[in-house]
Amino acid sequence: MDEDVKALVATPVTKCSPDRSVTRIPLAAAAMAFVLGIAAGLTTPMTTGFWMIIGAVALAGAVGLSRMRHLHLAAMSAALVAVLAIGAVHVRFAYGSIDENHIATFTPNRSILATVRGHVVTAPKVIKSGLVGGYPRPDRTNFILDADSISAGGTWPEVSGLVRVSIDSTNTNLLPGQRVELIGTIGRFKEPDNPGQMDWSQYARRTRVFVQMSAPSDQGATVIDKAPLPWVTETFWRLRAATRQHLLACGDSDQGDLLGALILGERDPALRSLNDTMARAGIAHFISISGLHVGVFLWFVYFICSLMQFTPRRSAIIVLIVLGIYLMLAETRAPLLRAAIMATAFCISIITHRRYTSLNALAAAAIILLTIDPLQILSAGFQLSFAIVAGLIILHAPLQQFLFGRWLSQRGLMVFRSDQRVSRWIWFTLGNSVTGIIAMCLAAYLVAAPLVAFHFGLFSPYAPLLSILVFPLVLAVLVPGYIAIALAWPAPNLAASIRQIALAAADLLASAVQMLEHLPLLSIDLRPVGAIWTLLCYATITMVFFSQRVRFGRAMAAVMLIATIALGVHTQRTAEPPPPGSAQLDMLDVGAGQCVLLTSPSGQTHLIDAGTRSGSNLWPQVLKPFLRAQRLPTPAGAFISHANTDHYNALLGLVAQRRLNTIYLNDYFGRDDPLPEFDGKLMNLLVDRGVRIVRLRAGDEVQLEPDILVETLWPPASKPTGLSTNDRSLLLRITCGGRRILFPGDLSQAGQTALLASGIDIQADIFVLPHHGSWTKSLPKFLQAVSPKIVLQSASYSIDRRQTPSDEQQEFILNLRRDTKYLSTAKDGWIRLNFSKEGTIRTKTMRSPEN
């Protein structure tokens with residue numbers, strides 16, 4: 001029985017007991033066919049018409065064959081094929097088409113200025129940004145808008161479709177249901193700029209929200225229809241807001257946010273750090289609404305009904321009513337809806353005195369949710385929720401028998417006297433609970449691990465143990481939290497006192513999670529494992545637990561287990577390193593910043609700057625996914641040109657996970673440069689993690705490998721005064737594969753002029769434009785002195801995109817394009833250069849093939 005409903009009701013009515021017979025789960029086969037049809041519709045090139053024909057033929061065959069008793073199996077097979085075809089047709093319509101007047105058809109790929117009118121669909125959520133990568137970001141208000149008209153050229157055509165809106169202010173005047181007019185930039189979600197990065201365009205297709213809009217301030221949002229909301233809608237939002245306020249009324253904001261996440265499923269960005277830690281520990285499901293939360297909640301409701309001496313049937317009716325109210329208050333996501341549907345089916349079985357089957361209920365939940373939105377099948381949350389529950393239903397009993405079968409058999413022979421009730425309770429009731437929880441946690445871990453590895457590239461070795469240890473703390477938050485909500489209106493003073501217990505438990509839970517950071521190998525990062533390995537894992541788990549029911553099952557299970565391990569080891573191989581005498585250079589598109597990765601023939605990688613000021617968290621969102629997708633090892637060292645955070649803020653996440661051995665800095669970093677809080681945090685972290693710090697000055701050389709030499713050309717060892725932070729940048733020339741690459745950091749006019757006057761040889765084959773391509777009077781002479789064949793620019797704009805370039809700038813751009821091969825991350829995305837030992841250079845970008 002599913003864990004959601006197992007704790008819900010323990011009733012003596014035998015007619016409502018679960019039926020474990022596979023012959024009584026016809027919906028499971030239909031659900032599997034429906035899921036396979038959706039997958040086929042997404043992955044195969046077959047047209048919608050093809051699937052319609054297949055479905056019609058299969059349905060006609062099923063109807064005809066059903067009249068012949070001896071062909072019932074064939075009729076059932078034809079019916080399943082028809083269901084498969086229906087799934088394929090359904091997803092083709094949902095995924096492959098939009099209305100002619102959809103707002104996406106009026107929106108180009110690049111952002112444009114536009115005015116949009118529509119109704120606010122979701123409750124606006126205020127996002128506290130604070131410092132992001134060392135740079136202050138404005139607080140934002142996010143919500144979904146149902147657009148009805150747009151103006152980008154004077155006319156107001158009617159449109160439809162949803163828009164994801166972000167306003168750069170904390171606008172608390174907007175309410176769901178209001179009709180508003182928004183002025184700002186609008187555009188479609190773009191494809192990723194780097195390998196491995198989150199593909200927001202695919203995410204938009206899955207969620208059917210194709211367009212995003214940004215307003216620079218709350219003045220760009222005007223309420224144009226202040227008509228009162230329908231009383232049902234207004235009551236709904238008022239009740240939800242009052243519940244949210246009730247949870248936040250006591251304690252600090254962090255405690256209230258955690259309490260809201262556990263009870264209502266509201267994912268506040270303030271909990272991102274806590275959520276990341278729990279995800280790496282394999283216990284992130286505790287912080288989001290899932291079947292566990294619904295099971296605890298409904299068990300609590302049923303327990304209250306039992307105390308009031310209600311019959312099981314009346315209790316089930318009350319549970320259904322309370323569940324409906326809870327669904328209105330909580331964030332409705334796939335795990336919550338799945339648990340709610342299964343609990344509803346269980347309650348209905350009690351009310352109608354019908355037999356309940358967990359797999360049937362799970363299959364019904366899958367069919368209902370995928371009928372509403374077939375693209376949910378691509379969601380990791382949807383897959384994990386249904387896979388874990390199916391695993392619990394199928395594997396819980398066999399795993400409990402496998403682990404504790406001998407002990408359970410011996411315990412069955414024990415006899416207790418009437419005065420040994422405590423001993424009997426310990427051996428039987430408590431023993432059943434403990435063994436059941438252990439088996440449940442292990443079953444959930446076994447089923448979830450392949451999907452977690454596939455979607456998130458994580459393996460959490462402590463997850464089963466931590467789940468058992470954290471579970472009591474979660475209960476200590478949920479139970480008093482539910483009681484406090486129930487008593488908020490009839491007994492507000494008592495509710496406030498009980499709420500303090502929930503807040504204290506939430507604080508203890510947060511502290512316990514933070515302590516997990518100190519565990520060695522809390523999580524192991526994995527390279528892409530692939531869908532084949534993931535499916536093989538589930539086939540192997542099934543065969544291992546049910547090998548006794550299949551002829552030669554143990555031998556087959558052993559072979560499949562060996563194959564799974566071998567394929568898993570193969571998937572974790574690193575990429576082939578460059579041949580001896582060559583190297584590979586990757587420049588990532590990080591917007592306003594710079595992040596370059598050098599891969600040597602031995603396979604080692606080194607960073608040359610790693611930072612951005614474009615508002616993203618560079619390490620987890622860009623650099624780490626890139627390393628995983630390209631199967632590259634974690635950087636062994638990093639060269640940081642100067643003390644501007646857009647050149648090093650990715651290092652905090654890298655160093656915090658103890659993944660850097662050596663860092664190379666100029667003589668000013670952390671000494672003579674102004675030391676803001678962010679810089680000081682990095683320096684303290686470097687010392688705390690034992691990272692070797694090497695100071696470089698003009699004349700120093702670092703021999704990374706026999707074929708890779710790093711020369712320092714600037715700043716001078718004399719440390720001249722009067723240089724700005726930018727002009728103190730390390731000027732590095734790296735020789736590899738017979739070619740030289742020049743990295744000038746953010747060297748500005750004063751530094752460039754002084755360097756040219758010194759007569760130092762700065763010639764190179766590849767030149768990275770200084771200060772992200774910013775124009776200076778000395779830049780043409782500087783480029784001439786370098787005399788490169790390839791010029792790279794890491795910036796949020798191309799050098800030829802200036803609105804009003806001067807004549808001198810235009811001449812520089814013409815010469816640059818005429819005399820060199822110019823590549824820019826703003827235009828080309830990720831850039832890769834391969835240097836061969838013969839001296840040839842091959843280039844490849846995110847937007848163009850290798851050449």
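A few comments on the model shown:
- Any hit, segment 632-642, residues being under 27 Å from the mean Cα position of the chain (by Cα), in a helix (DSSP H, G or I), crowded, with 19+ Cβ neighbours inside 10 Å and in contact (Cβ under 8 Å) with a residue 40 or more places away in the chain: no
- Taken over segment 564-592, the criterion of being touching a residue at least 40 places away in the same chain (Cβ under 8 Å) and in a helix (DSSP H, G or I) is satisfied by Thr571 alone.
- Residue within segment 363-371 that is open to solvent by 50 Å² or more (accessible area, probe 1.4 Å) and modelled with pLDDT of 90 or more present: yes
- Test for Ser824: is it touching a strand residue (DSSP E or B) at 6+ places or on another chain (Cβ under 7 Å) and more than 15 Å from Val596 (Cα to Cα): no
- Breaking point among (1) closer than 30 Å to Ala281 by Cβ; (2) in contact with a Leu (Cβ under 9 Å, 6 or more places away or on another chain), for Val596: (1)
- Segment 693-723, subset open to solvent by less than 40 Å² (accessible area, probe 1.4 Å) and in a loop (DSSP other than H, G, I, E, B), residue farthest from Pro579 (Cα to Cα): Leu723
- Restricting Met52, Met68 to those that are closer than 30 Å to Ser201 by Cα and open to solvent by 60 Å² or more (accessible area, probe 1.4 Å) reduces the list to Met52.
- Residue within segment 621-639 that is under 15 Å from Leu730 (Cα atoms) and hydroxyl-bearing (Ser, Thr, Tyr) present: no
- Taking segment 1-85 and the helices (runs of 4 or more DSSP H) fully enclosed by it, the elements with 3 or more residues that are modelled with pLDDT of 90 or more and more than 35 Å from the chain's Cα centre (by Cα) are at 48-65.
- Some residue of segment 547-559 being more than 27 Å from Met278 (Cβ to Cβ), in contact (Cβ under 8 Å) with a residue 24 or more places away in the chain and either surrounded by 13 or more Cβ atoms within 10 Å (Cβ to Cβ) or not aliphatic (A, V, I, L, M) (or both): no
- Qualifying residue in segment 449-460 (condition: closer than 18 Å to Ala512 by Cβ and buried (at least 18 other Cβ atoms within 10 Å of the Cβ)): yes
- If the condition is being buried (at least 16 other Cβ atoms within 10 Å of the Cβ) and modelled with pLDDT under 80, then segment 662-692 contributes Asp673, Phe678, Asp679.
- Selection of segment 724-758 for residues being assigned to a loop (DSSP other than H, G, I, E, B), open to solvent by 10 Å² or more (accessible area, probe 1.4 Å) and within 27 Å of Leu704 (Cβ to Cβ) yields Thr725, Gly738.
- Reported count of residues in segment 776-798, each being in a loop (DSSP other than H, G, I, E, B) and closer than 24 Å to Pro720 by Cα, is 3.
- Whichever residue in segment 320-358 is of a type in the set (S, T, N, Q) and touching a strand residue (DSSP E or B) at 6+ places or on another chain (Cβ under 7 Å) and, among such residues, is surrounded by the most Cβ atoms within 10 Å (Cβ to Cβ): Ser358
Conditions tested, residue by residue: (1) closer than 22 Å to Val702 by Cα; (2) free of Cβ contacts under 8 Å to residues at least 40 places away in the same chain.
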site	(1), (2)
Ser729	yes, no
Cys736	yes, no
Ile741	yes, no
Ile762	yes, no
Gln784	no, yes
Lys789	no, no
Gln793	no, yes
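- On inspection, Cys595 qualifies as touching an Asp or Glu at 6+ places or on another chain (Cβ under 9 Å) and touching a residue at least 12 places away in the same chain (Cβ under 8 Å).
- Residue in segment 783-800 that is surrounded by fewer than 19 Cβ atoms within 10 Å (Cβ to Cβ), under 40 Å from the mean Cα position of the chain (by Cα) and within 19 Å of Leu755 (Cβ to Cβ) present: no
The values are calculated or read from the model by the stated rules, or taken from the named source; none is laboratory data. Computed from a predicted model, the values in this text were never measured in an experiment. Cβ: placed from backbone, ideal geometry, glycine included. Neighbour counts: every protein chain shown. Ligands, DNA and RNA are excluded from the accessible area calculation, which covers all protein heavy atoms including side chains. Shrake-Rupley method; radii C 1.70, N 1.55, O 1.52, S 1.80 Å.
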